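For reference, the structure is listed below as structure tokens.
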Amino acid sequence: MITSHWILGPGAIGRLLAHSLAPLANLCVVSRRPLPIQQILTTPEGEQKVQRLDILTVEKLAEQAPVAPDAVHITTKAMAAEAALASLAERLPATTPLVLWQNGFLSQPRITRTWAGPVLCATTTQGAYLTGDDGVVHAGHGPTFIGDLNNRHGALATLLAQQLTQAGFETTAVVDIHQRLWQKLAVNAAINPLVALHGIRNGELRNASYQGQANAVIKEVAAIMQAEGIQPPGGGQGETGWLALVWQVVENTAGNKASMLQDLEAGRPTERKAILGPLMQSAAQHGLTCKNLEQLDDQLASEEGAIHQRVL
Ligand SMILES: NC(=O)c1ccc[n+]([C@@H]2O[C@H](COP(=O)([O-])OP(=O)(O)OC[C@H]3O[C@@H](n4cnc5c(N)ncnc54)[C@H](OP(=O)(O)O)[C@@H]3O)[C@@H](O)[C@H]2O)c1
């Protein structure tokens, strides 16, 4: 039985998860700065629901000496997950199960290696964004998959999937979470850096001026995925399969502004290290070149550097 959850990182996914789980379990949202406890969720249908959430900073949580939870969900961006966990780790029994909700493949293998307790990874297509310190909009429903990288915690994944589904996060426990994380990373790598750097909506990638560059990126990603032994979901094979999949996603999300573009526009660092980093590392291990991916990474790094300079 999972009766208590802590959610570390009160961003869009963290607050959506908190609103969803709060009616079913004891819940504490752990933040690094004070936030209002009265929180508003706007549903995909436009309905507003106000809920009081137990939101505490790490320091306040320590003062209250709470009973350890049955699971801790880490819902920060990829590059913040390890620091967030470090801020809480000494308050947790080392055997506490963690659920990592990050895109990409940066913190998941590292935390799996270093945390003594079970480490599950979730990949979700739920869509959410923040409207301030007290509001989150649930933009759209989508399936969630959960499992651990070494397939040692299937029973726990099943229990969590059942509770998340009951909470409105339609979740399936899976034995191939590693493959699913990489499949999502591949699609993200093929679309997000390009649209972020060009400042365009996903669908604009279909324009003749961007198509060639996009195809070159997808082909590099496809070669790396082939070397990793990962085929596209849905039955496609190799380069043709990845090209078809990515262009289908571009079609389905034509009006979307990628989170990487939103991050650059808001002057925040992007998740490039979690999305491009594992691909470039894999290319190096397999003796493959990935000049397009390296160039995108360099350009994103310099955009982030320019933002950093403006902030100073
Ligand atoms: N949003 C979506 O629709 C969506 C969908 C699928 C997957 N994802 C993935 O889910 C992950 C989270 O995304 P998001 O959109 O929810 O991000 P987000 O809205 O930017 O939220 C990140 C949260 O992490 C908090 N945080 C950062 N460092 C922390 C620390 N050391 N301790 C505690 N909290 C800390 C931030 O707090 P501050 O407010 O103090 O900065 C913020 O509340 C990402 O990997 C993303 O790719 C998101």
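The values are calculated or read from the model by the stated rules, or taken from the named source; none is laboratory data. Remember, predicted model here, so these are calculated numbers, not experimental data. Neighbour counts are summed over all protein chains in view; Cβ atoms, including those assigned to glycine, are modelled from backbone coordinates with ideal geometry. Protein only, heavy atoms only, side chains kept; ligands, DNA and RNA dropped before computing areas. Shrake-Rupley method; radii C 1.70, N 1.55, O 1.52, S 1.80 Å.
What the table below lists for this structure:
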item: ARG206-MET1 FRET efficiency (beta carbon distance; Förster radius 35 Å; 0.05 resolution); result: 0.10
item: Equivalent ellipsoid semi-axes, the stretch 167-279, via Cα gyration tensor eigenvalues times 5, rooted, Å; result: 22, 18, 14
item: Beta bridges by DSSP in the chain, antiparallel share as percent, to the nearest 5; result: 35 percent
item: Amide H within-cut-off set for CYS28, under 5 Å, with H built and near neighbours excluded; result: HIS5, TRP6, ILE7
item: Projected label distance in nm at VAL67 and ALA306, using a 7 Å step from Cα toward the beta-carbon; result: 5.4 nm
item: Paramagnetic reach from HIS141 (point 7 Å along Cα→Cβ, amide N under 15 Å) across the stretch 1-19; result: none
item: For the stretch 21-140: relative contact order, % (alpha-carbon pairs under 8 angstrom, 6 or more apart); result: 25 percent
item: Segment VAL50-ASP298, length gained on full extension (0.36 nm per residue, minus Cα span); result: 85.0 nm
item: Whole-Å semi-axes of the ellipsoid equivalent to the chain (Cα gyration tensor, √5λ, descending); result: 32, 22, 19
item: Derived scalar couplings ³J(HN,Hα) [the stretch 251-256; Karplus, 6.51 cos²θ - 1.76 cosθ + 1.60; whole Hz; x for Gly, Pro]; result: 4, 5, 10, 3, x, 6
item: Per-residue ³J(HN,Hα) for the stretch 200-215, Karplus 6.51 cos²θ - 1.76 cosθ + 1.60, θ = phi - 60°, Hz, x for Gly and Pro; result: 10, 6, 3, x, 5, 4, 6, 4, 3, 5, 10, 4, x, 5, 4, 4
item: Sites matching trypsin sites (Lys or Arg not before Pro) across the stretch 234-312 that sit in DSSP coil, with at most 16 neighbouring C-beta atoms within 10 Å; result: LYS257
item: Difference of contour (0.36 nm per residue) and Cα-Cα distance, THR43 to THR125; result: 28.0 nm
item: Simple label model, 7 Å out from Cα along Cβ direction - ASP133 to HIS198, nm; result: 3.9 nm
item: Gain on full stretching of the segment that runs from GLN248 to GLN166 - 0.36 nm per residue minus C-alpha separation; result: 26.5 nm
item: For ALA139, residues with placed amide H under 5 Å, excluding near neighbours; result: GLY127, ALA128, TYR129
item: Percent antiparallel among DSSP beta bridges (both partners in the stretch 1-155, rounded to 5); result: 40 percent
item: Sparse-neighbour loop sites [GluC sites (Glu not before Pro); the stretch 9-106; at most 14 other C-beta within 10 Å; DSSP]; result: GLU45, GLU47, GLU90
item: Within the chain, helix-based [θ] at 222 nm, where runs of 4 or more DSSP H residues each add -39,500 (n - 2.57), nearest 500; result: -14500 deg cm²/dmol
item: For THR172, distant residues with modelled amide H under 5 Å away; result: THR144, PHE145, ILE146
item: Solvent-accessible heavy-atom area per residue, rounded to whole Å², over the chain at 1.4 Å; result: 46 Å²
item: Share of carbon and sulfur in the accessible heavy-atom surface of the chain [1.4 Å probe, %]; result: 50 percent
item: Calculated over the stretch 216-299: convex hull of Cα atoms, volume per residue (Å³); result: 98 Å³
item: Radius ratio Rg over Rh of the stretch 5-54, counting only Cα atoms, Kirkwood formula for Rh; result: 0.94
item: Whole-Hz couplings from phi, Karplus 6.51/-1.76/1.60, listed for the stretch 145-157; x for Gly and Pro; result: 10, 9, x, 10, 5, 10, 6, 10, 10, x, 5, 5, 4
item: Two-site label geometry, GLN213 and GLN237: point separation in nm, points 7 Å out along Cα→Cβ; result: 3.3 nm
item: Rounded Å value of the spacing that divides the Cα centres of the stretch 66-95 and the stretch 120-145; result: 19 Å
